[in-house]
Amino acid sequence: MTVLPYLVAGWIFLIGVYGLVTSRDLIHAVGCLAVTQSSTYVLLLAVGYRDGGTAPVFADAPTDSRVVDPVVQALALTDIVVGATVTALLLALVVQLRKRHGTVDPDALSELKG
Amino acid sequence: MSARVRLWVFLAGAAGFAVLFAVACFGLPAFGTVHHPYGVRAVHASLSHHTANVIASVNFDLRAFDTLGEETILFSAVLGTVVLLRQARDEHRKDPEPAVVHPRVRRFALLMLPLALLVGLYVIAHGQVSPGGGFQGGVVAATALHLLYIAADYRALERVRPLTLYEVGEAAGEAAYVITGLAAVLAGSAFLANVLPFGTFATLSSGGTVPVLNAAVGLEVVSGVVVLLARFLDQAVEIEEPGADDGSPGGAGSGPDNGDDGDDGDDERERA
């Protein structure tokens, strides 16, 4: 009977958003976005946890053993894959910004070009 | 908005979020509770389809259509990165110079390369039996190739990595997933329904279409990750920055996209 794991997820989320808000560097901002997103992994895994549960893989375990919730684990897997590719896309954008504008400071990117 | 104002707006929003989130947490079922209706049903569905790894069953059987969407996000993110990181007109390539590698590093990396590759393929193939699957194994196998970059140099990596082939492989992985789904339709069932015989529990042949979809995803992830890393390595190793940022009209990202797609494509093909 504890809500601590859920609260940890909220705390990670807030830390990530704080980093995004105060960021002076777009690469740092992309990293903060990844931190923000990782809060959802913690929340999903916390929701799916069962006391005394094992991994939901029955290759060795008997089929009636108590396992943690596989649905949220599958959601976390989806989350990780999407997060990794979107991070790559954002970093590619930052590379192009650095080339075209010579800076990765979001505050210095106010001018319009092209 | 100045940094100070932005921080205050964040603090107000964060306080509101913290309160609402904490209240919501106390409304959630207690941590570690035994009662999981969705989990119980997913385990039952997975076992009835002879799939030992319930997570693979959820991803490739119960939620196969959602996973198609997820795979498409991966596909489009890689496509977007390729488009963004093309060689622009004002950039030129410089052949990287081979660097000296410590013999011990070289031996270790060359020893680990086949091992890591094998582990990656094993994880893809055993996705329905043991923890793992196409997504996880694909990343392991793709990064294994890059041990060659550590062991030798960039040119050695480019030799084992015909980029065009991996770009085709990525599309083929995506296509294989859709075709597996359409095959189910032709067999008289729903799109992406599990129509193959379920096989023997906890063996490589178990799970019906789960291993097939796992392999399709594995192919796409291997190719996608190789293409992604290749683009970023190109930026770091080969592409030289234009001499000065002269503020020419072709700036701001939209300009270079306009007419020179064909040219850039040709350049890359010649290099590959």
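For this structure, a couple of remarks:
- Meets criteria (more than 8 Å from chain B (Cβ to nearest Cβ) and open to solvent by 30 Å² or more (accessible area, probe 1.4 Å)) for A:T87: yes
- Residues in region B:38-60 that are of a type in the set (G, A, S) and more than 8 Å from chain A (Cβ to nearest Cβ) were compared, and the one that is farthest from A:T63 (Cα to Cα) is B:A56.
- Residues that are touching a Ser or Thr at 6+ places or on another chain (Cβ under 8 Å) and small (G, A, S) were ranked within region B:40-55; the one that is surrounded by the fewest Cβ atoms within 10 Å (Cβ to Cβ) is B:A45.
- Any hit, region B:68-88, residues being more than 9 Å from every other protein chain (Cβ to nearest Cβ), in a loop (DSSP other than H, G, I, E, B) and farther than 30 Å from A:A74 by Cβ: yes
- Single residue of region A:37-65 satisfying the filter (within 10 Å of B:G39 (Cβ to Cβ) and in a loop (DSSP other than H, G, I, E, B)) that is nearest to the other protein chains (Cβ to nearest Cβ): A:P56
- Of residues in region A:5-20 being without any contact (Cβ under 8 Å) to a residue 40 or more places away in the chain and of a type outside the set (A, V, I, L, M), the one most open to solvent (accessible area, probe 1.4 Å): A:W11
- Among (1) surrounded by fewer than 14 Cβ atoms within 10 Å (Cβ to Cβ); (2) within 25 Å of A:A9 (Cα to Cα); (3) at pLDDT below 90 - the single one B:G32 does not satisfy: (1)
- Residue match in region B:178-185 (condition: surrounded by fewer than 17 Cβ atoms within 10 Å (Cβ to Cβ), part of a helix (DSSP H, G or I) and polar (S, T, N, Q)): no
- Hey, B:V101 in contact (Cβ under 8 Å) with a residue 40 or more places away in the chain, more than 27 Å from B:G169 (Cβ to Cβ), more than 19 Å from the chain's Cα centre (by Cα) and not in a helix (DSSP H, G or I) or not: yes
The values are calculated or read from the model by the stated rules, or taken from the named source; none is laboratory data. This is a predicted model, so every value here is computed, not measured. Neighbour counts are summed over all protein chains in view; Cβ atoms, including those assigned to glycine, are modelled from backbone coordinates with ideal geometry. Surface accessibility is based on the protein's heavy atoms, side chains included, excluding ligands, DNA and RNA. Shrake-Rupley method; radii C 1.70, N 1.55, O 1.52, S 1.80 Å.
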